[in-house]
1. What are the radius of gyration and Dmax of the range A:283-412, computed over its Cα atoms and given in Å?
2. Using DSSP to call loops (not H, G, I, E or B), can you name the trypsin sites (Lys or Arg not before Pro) in the range B:49-136 whose Cβ has at most 13 other Cβ atoms within 10 angstrom?
3. Return the calculated 222 nm mean residue ellipticity for chain B, to the nearest 500 deg cm²/dmol, obtained by summing -39500 (n - 2.57) across DSSP H runs with n ≥ 4 and dividing by the residue count.
4. Give the angle, between 0 and 90 degrees and rounded to the nearest 10, that separates the Cα long axis of helix B:24-33 from the longest principal axis of the Cα atoms of chain B.
5. Can you compute the modelled spin-label distance between A:Q7 and A:D217, with each label point 7 Å from Cα toward Cβ, in nm?
6. Inverting the mean 1/r over all pairs of different Cα atoms, compute the Kirkwood radius of the range A:12-62 and quote it in Å.
7. Could you give the size of the charge dipole of the protein assembly as shown about its Cα centre, using +1 on the Cβ of each K and R and -1 on the Cβ of each D and E, expressed in debye and rounded to the nearest 20?
8. What net charge is computed for the residues neighbouring B:V127, neighbours being all others with C-beta under 13 Å from the C-beta of B:V127, Lys and Arg scored +1, Asp and Glu -1?
Amino acid sequence: MATLLDQYESIVGADVIDQLRQLARLLVGKNVLHVNSTKAGGGVAELLHRIVPLMRELGIDAHWETISGDAEFFQCTKLMHNSLQGKRMDIPETMLKHYEVINAENFGMLRNSLEEADIVFIHDPQPAALIENLPERKGRWIWRCHIDAGRPYRPVWRYLKRFVQDYDASIWSLSEFAQRLPHPMYLMAPSIDPLSDKNCELSREDLEKTYERFGLDFERPIITQISRFDRFKDPLGVLHTYRLVKEFIPIQLVYAGGGATDDPEGEEVYSQVMTSAGDDPDVHILMLPPDDNLTVNALQRISDIILQKSLREGFGLTVAEALWKAKPVIGGDTGGIRLQVVNHYTGFLVNTPEGAALRIRYLLKRRNNLKEIGERAREYVRENFLITRNVREYLTLMIAIMHEAEDRIELA
Amino acid sequence: MVDPFTVRDCALIAIATGQSAQTLAELRDKLDIVPASSIYYHFWGGLLRPRFDDPEYQNDFAIWVRHSIHDKPLAERLALVNPTDFPDLEILRKELIDIIEERMDESEILPWIKASQSFYFVRSQIVIFDTRRRLETPEELGRHIPHMSLGSIFYHFIDARRRTPLARDDFSAWLSGFGSRYALLTEQVSHIDPYFINLMELREEIAKVFRQNELTEGI
């Protein structure tokens, strides 16, 4: 059976995998520990499910542990998450004390692993306070912030900073998300996994079934947005865009979002979208189970153009997922979408439904351009947003952090 | 006897400096204080990170002035700065500041126009490692170049100009050790301008020069 590295080599090429092996040679046998708060669900768990086995295949002694907590703990970390994203949410003192207690309890359980590791990656705020329980550390500790914390609610950030500033380094997805800290703040864009259900190749039969399942007509163009029912994703703007295009071209719209949401506004936004969609048979508003990745994959593949018309966005990895399927993306001019959508190269950045409608009409009229942009988009993702690039950066960072923070690290 | 060519590779990782600019005046002020590695990154780092070539503006400063400050004259002047013309990054830094100040003198409001997006200064760390490959002859080097990683191309062709006393790429420096037999090849390799192409195109251009010489000189 082909190893993971062999499978990736068939996608990214031998020189990319060879470079990973060369870098990993310098880290063979190092004990590397990743800690987050869940093994299932969410982008971080998805990433770790792949990155840890890949590191092990490369000869690194990589492990993954999760912390556990009760409802109050996760309520607190959810508030932290929202506050880091800019919502003004005060967290009661008792809840913060509970957060520290749970971290201390988890430290007790993970103590041996944390003490023995040469490099510890702590993902997101949930386990961030583990560090205060180990003042004398043998290994290097790195905090990985997967959240857009560019404009955090200051009282909550000030609290979290007490722990985070003690780390040897932090990692942020974009420079505009990073907060000033007294250690190196590495920048690492997230990535997608081409072998996952969300991104793997699908058979023609699977795609045909998707048309049938959702009553889609394969003769007419399909425009799709995959997003939660969240105002920042501008679902009503997407509907407005659809109507503006529909006056000229008989398109179909798919708006597919996850069903389980911890956002209380989700239900409200969903009903507003349903009301606005009315009984138009060409508007397909789909509430999908959160782990229905194969359906999302198929919907992206049968679409002509993908929208990500967000008004505010973190990194927006759904864009890279769509580009990987050779689809042009029309995205909101915000956050990480700007790094992935390059005007005329991989799609178009827009600010209004009118702008989005214009670009859809342009691409549907100029099918050759649509195809060319799609092909370029896939190559752009192959070079920049696949998990192998993420692994390379993790390896580079580990080597760099073990050799102090010099600008040039020359290894024999 | 020429020593074998040691193939090295490198990987670059970006680090936020915590400095950003919202106006031209701020860009000028921050340029004065950011580490030299940040200036290096904003000229050359684009080769190793997600970016499409901008045919008009070849460095991050010019791109930002064009697209966020919307000042074409300054963007054009900054785009013309070729970093390979400067013996070190401090001189390059001074040149950038001079160009910006000269333009600020031409307009009273330009220094204070708020950019549509901030400029974030980033620096980089470069990890250089030995691939354990040793190439004995120019022919062997020619055969190997198409298979080199983009990191190796960056290190031996771009980074070498900053690293070596003669500011020369490693390939032509090594070839020159073989004397007149490879003089034409050496000259052609050293004349490749890396500034307007990406690393894949650069690798192909170097490989092409080797191929052409194979035909003309029987390498």
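Derivation of every value follows stated rules applied to the coordinates shown; laboratory data play no part. The structure displayed is predicted, hence computed values, not measured ones. Positions of Cβ are backbone-derived with ideal geometry, glycine not excepted, and every protein chain shown enters the neighbour counts.
1. 17.7, 60
2. When the trypsin sites (Lys or Arg not before Pro) of the range B:49-136 are filtered for loop state and at most 13 Cβ neighbours within 10 Å, B:K114 remain.
3. That comes out to -12500 deg cm²/dmol.
4. 50
5. 3.9
6. Across the range A:12-62, the inverse of the average 1/r is 11.9 Å.
7. That gives a dipole near 300 debye.
8. Its environment carries a net charge of -4.
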